[in-house]
Amino acid sequence: MSASGGTRAIVAALGANLAIAASKFVAFAFSGSSSMLAEGVHSLADSGNQALLLIGGKKAQREATPQHPFGYGRERYIYAFLVSIVLFSVGGMFAIYEGYEKIQHPHEIEHWYWPVGVLVFAIIAEGFSFRTAIKESNELRGSLSWSQFIRRAKAPELPVVLLEDFGALIGLILALGGVGLALLTGDGVWDGIGTVCIGVLLVLIALVLAAETKSLLLGESAGLEDVKKIETAIVDGHTVTGIIHMRTLHLGPEELLVAAKIAVRHDDTAAQIATAIDAAEARIREAVPIARVIYLEPDIYSEAEAAKGADPEATPGGPDRHPADH
């Protein structure tokens, strides 16, 4: 993922949410609409979330230390996970509570033009932010569907902003519906129902974000396309005749660890093997530039060794291949 692309989307979302949050709180003060209060807290939580993503991106750039020899790339995953917690607790649960209170104690909305005007403004601003996130994501998404892109993206920023902006737009439509029905019927219960719907939506989005970022925190392998490139780069057909087994792990969105046991000929010298390993590492880095940490262990191919490292979930043609005949 392009870090600059993710940063542009975050900054666009942060600017939009700060402006929207201020306008929503003003609308709440004049109208007493619980939907406006819930949406104001939602936008404030979103602003905090974007600040967390920016902090995570900054911290991830620190150099490796003896205590953290693989660097701090996963800081971006940790802060993205914090975003899901904030969205769940501050955004979703608060909105559900506020909506419940409004349903229990409804009152008419005053100065209706404030919430309606702010919601229209917010929809336009969120639409601009969402458009920016879509534009930046399309440069990386390729042929993947949106759901596939969100599930497979190794950099958390764009999926987080996409889901937040999507949730914000749907939430604004729900708020507009709740306020509109409350104005048409004169019954403030509809405002409360709209607020509860906003809360449920935010909780669902937070759960999706938590599941995706948890997977990244646990450690995900390289994508299938990168795995194939690495396989092709390792085997030279002369000294390195095949891959006994291989594992890849994202140390961060833009840093990949590659560990493989490679098959070499039994009569090759140590110098020949060392030269072949150096050449294989160079080919890997050329094919997949984010493969920055590479460990290649030479061995004589055997069925027993291949079985020890076999990946039970490996697909045909995956990393656990037999060496070429020799």
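The numbers here are math on the coordinates, done by the rules we state, and not lab data. The structure displayed is predicted, hence computed values, not measured ones. As a convention, Cβ positions derive from the backbone with ideal geometry for all residues, glycine included, and neighbour counts pool all protein chains shown.
A few notes on this one:
- Share antiparallel - DSSP beta bridges, the chain, percent rounded to 5: 55
- Here each label is just a point 7 Å from Cα along the line to Cβ, and for Ile85 and Gln104 those points are 2.8 nm apart.
- Members of Lys24/Lys154; Lys59/Lys135; Lys58/Lys261 lying beyond 31 Å, as alpha-carbon distances in this model show: Lys24/Lys154; Lys58/Lys261
- With the convex hull drawn around the C-alpha atoms of region 172-260, the volume per residue stands at 107 Å³.
- The calculated FRET efficiency for Thr65 paired with Ala19, based on their beta-carbon distance and R0 = 30 Å, is about 0.15.
- Taking Trp190, Trp112 and counting other C-beta atoms within 10 Å, the order from fewest to most: Trp112, Trp190
- Taking Asp165, Asp191 and counting other C-beta atoms within 10 Å, the order from fewest to most: Asp165, Asp191
- One chain, two ends: Leu204 and Glu286. Fully extended at 0.36 nm per residue, the span grows by 25.4 nm beyond their Cα-Cα distance.
- When the charge dipole of region 113-216 is built from unit charges on Cβ atoms (+1 for Lys and Arg, -1 for Asp and Glu) and taken about the Cα centre, the candidate among Trp190, Thr132, Leu158 whose Cα reaches farthest toward its positive end is Leu158.
- 5 Å-binned pair-distance histogram of region 72-221 (Cα, whole percent): 2, 10, 16, 17, 18, 13, 10, 7, 5, 2, 0, 0
- Every pair of different Cα atoms in region 224-308 enters the Kirkwood calculation, which places the hydrodynamic radius at 13.0 Å.
- Cross-link partners of Lys214 among aspartates and glutamates (Cα-Cα below 16 Å; sequence separation of 8 or more within a chain): Glu75, Glu157
- Candidates Ala282, Ala153, Ala168: whichever shows maximal mean-square fluctuation once the chain is modelled as a Gaussian network with Cα springs under 10 Å: Ala282
- Shown here is the pair-distance distribution of the chain: with all Cα-Cα distances grouped in 10 Å bins from zero up to the longest one, the shares run 6, 23, 24, 18, 13, 9, 5, 2, 0 percent.
- Taking N as the residue count of region 48-134, its C-alpha radius of gyration divided by 2.2 N^0.38 Å amounts to 1.63.
- Ordering Tyr79, Tyr100, Tyr113, Tyr301 by the number of other Cβ atoms within 10 Å of each residue's own Cβ, fewest first, gives Tyr113, Tyr100, Tyr301, Tyr79.
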